[in-house]
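> Dropping a structure here in structure tokens format, bear with me for questions.
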Amino acid sequence: MIKAGIIGATGYAGAELVRILKNHKDVEIVWLGSRSYIDEKYSKVYGNMFKLVDNICKDDDLVKLSKEADVIFTATPQGFLAGVLTDEILKNSKVVDLSADYRLKDVSVYEEWYKIEHKSPQYIENAVYGLCELHRDLITDRTRLVANPGCYTTCSILTAYPLVKEGIIDHKTLVIDAKSGTSGAGRGAKVPNLYCEVNENIKAYGVSNHRHTPEIEQELSLAANEPVLLNFTPHLVPMNRGILVTEYAKLNKKPDGSDYTEEDIRAAYEKYYAGEYFIRLLYKGQCPETKWVEGSNYVDINFVLDKRTGRVIMMGALDNLVKGAAGQAVQNMNLLFGFKENEGLDLVPCFP
């Protein structure tokens, strides 16, 4: 049994961490940190936890928490962890950070896209980018800091990765169209997220400058073994949860000059994902839908080969609060402590 603490426990991702860890047989939650609700019962903040979680909300003192917990989850805004992380904290406890503070390996790229100064760049090099399906071998009991990927990025990267890695698509033509439910913007009160602003509406935002773009480019560049530059456009849709990405790219030719077939493309996906517990490759003709992954840690992926245009359309869906945040964080924790990777994460998608 390990002890876990959550900073930012009353945000949507933090609450999802509580829900998942509550049913993890190897974890005891010892600290629920929240600046807004210090000394209040957690179950008063989230009524679904009534008589399930008796914890009182505490502050965000990471030094003190690190002496009580084996693992700390920080579901906090960008810049928070970078401003307080110390050698002492990392010596005492492992940290899984759900913000972007340690995802980007080039600190200048982080500062350019997030418009804030990085206060602890010395920890970036040793932070592991926690996309488990790609970097599992780097997430071990020796790892002290995991940068948990974002929701858009997880879905976008996993959907395209095999075809980029195998050189099947021309990554210079890659365009990603992504859609998210409103919980992706967090629980804070913001006018653009009010019911009347979101309901019966769909809109693009962060066009050409969304800050998840360099994260997607970083990981796909590793796959391609050369720089990847792409268009990423997110949209807000009137639903609570879910990410759906539709990605378009021109197909390359095979080394012998022939065309890639549907069988070739499926074989590439099978090569990388056939053994992955949380990635579900759908049958031919099935398009991923957010409703079939809601509340779970699964990613549903499929593709359509468009022979007429010589393009492939790649599609992926996940729950932004689970595989896109808390579920992936627990998946990382399981790897850090040698638990079964799916422990606590056998969450059947809920419908309706």
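> Among GLY310, GLN218, ASN240, whose Cα projects farthest towards the positive end of the dipole of the range 152-319, with charges put on the beta-carbon of Lys, Arg (+1) and Asp, Glu (-1)?
Going by the charge dipole, the pick is ASN240.
> Is the C-alpha gyration tensor of the chain telling us rounded, prolate or oblate? Criteria: a/c under 1.5 is rounded; beyond that, a/b larger than b/c is prolate, otherwise oblate.
Working: a/c = 1.70, a/b = 1.55, b/c = 1.10.
Cα axes put the chain in the prolate bin.
> Let me know the charge dipole size of the range 1-84 about its Cα centre in debye, to the nearest 20, where only the beta-carbon of Lys, Arg (+1) and Asp, Glu (-1) is charged.
In total the dipole reaches around 200 debye.
> Between LYS203, LYS323, LYS51, which gets the highest mean-square fluctuation from a Gaussian network model of the chain, Cα cutoff 10 Å?
For the chain, modelled as a Gaussian network with Cα springs under 10 Å, the answer is LYS51.
> Separate question: Mind pulling the angle between the C-alpha long axis of helix 327-336 and the longest principal axis of the chain? Nearest 10 degrees, somewhere in 0 to 90.
80 degrees
> Moving on. Based on the mean of other Cβ atoms within 10 Å per residue, sort peptides 83-91, 146-154 so the most packed one is first.
With the highest mean Cβ count within 10 Å placed first, the list reads 146-154, 83-91.
> I'd like to compare 232-238, 117-123: which one has the highest average count of other Cβ atoms within 10 Å, and what's the full order after that?
Averaged packing, sorted descending, gives the order 232-238, 117-123.
> Between 0 and 90 degrees, rounded to the nearest ten: what's the tilt of helix 262-273 against the longest Cα principal axis of the chain?
20 degrees
> A further question on this structure: What whole number of Å gives the distance from the Cα centroid of the range 96-159 to the Cα centroid of the range 171-249?
Their Cα centres are 18 Å away from one another.
> Nearest 5 percent is fine: what portion of the DSSP beta bridges confined to the chain is antiparallel?
Rounded to the nearest five, the antiparallel share is 50 percent.
> Comparing ASN92, ASN332, ASN297, which has the greatest mean-square fluctuation in the GNM of the chain with Cα pairs linked when under 10 Å apart?
ASN92
> Within the set LYS41/LYS115; LYS22/LYS203; LYS44/LYS64; LYS64/LYS119; LYS115/LYS291, which residue pairs have Cα atoms separated by over 30 Å? Kindly include the intermediate steps, with their values, before the conclusion.
Values: LYS41/LYS115 35 Å; LYS22/LYS203 36 Å; LYS44/LYS64 25 Å; LYS64/LYS119 20 Å; LYS115/LYS291 35 Å.
Those over the limit are LYS41/LYS115; LYS22/LYS203; LYS115/LYS291.
> Tell me, LYS25, LYS94 in order of fewest to most beta-carbon neighbours within 10 Å?
Values: LYS25 9, LYS94 24.
Listed from fewest to most nearby Cβ atoms, that is LYS25, LYS94.
> Semi-axes of the range 198-352's equivalent ellipsoid from the Cα gyration tensor, sqrt of 5 times each eigenvalue, largest first, rounded to whole Å? If you can, show how the numbers build up before the last one.
On the way: eigenvalues 141, 90, 61 Å².
Computed over the range 198-352, the values are 27, 21, 17 Å.
> As I understand it, the dipole of the range 2-126 uses +1 on the Cβ of Lys and Arg and -1 on the Cβ of Asp and Glu, about the Cα centre. Which of THR76, VAL107, ASN23 lies farthest toward its positive end?
ASN23
> Oh, and also: Peptides 98-106, 170-178: what's the order by average Cβ count within 10 Å, highest mean first?
Numbers: 98-106: 22.9, 170-178: 19.2.
Going from most to least packed, we get 98-106, 170-178.
> Using the alpha-carbon atoms, what tilt in degrees (0 to 90, nearest 10) does helix 213-224 show relative to the longest principal axis of the chain?
It is inclined by approximately 60 degrees.
> Can you sort VAL207, VAL164 so the residue with the fewest Cβ neighbours within 10 Å comes first? Working shown, then result.
Numbers: VAL207 11, VAL164 24.
Going from least to most buried by this count: VAL207, VAL164.
Bear in mind that the values in this text are calculations on the coordinates, not laboratory data. The structure presented is a predicted model; accordingly, all values stated were derived computationally and were not measured. When we count neighbours, we look across all protein chains shown, and the Cβ atoms used for this are built from the backbone with ideal geometry, even at glycine.
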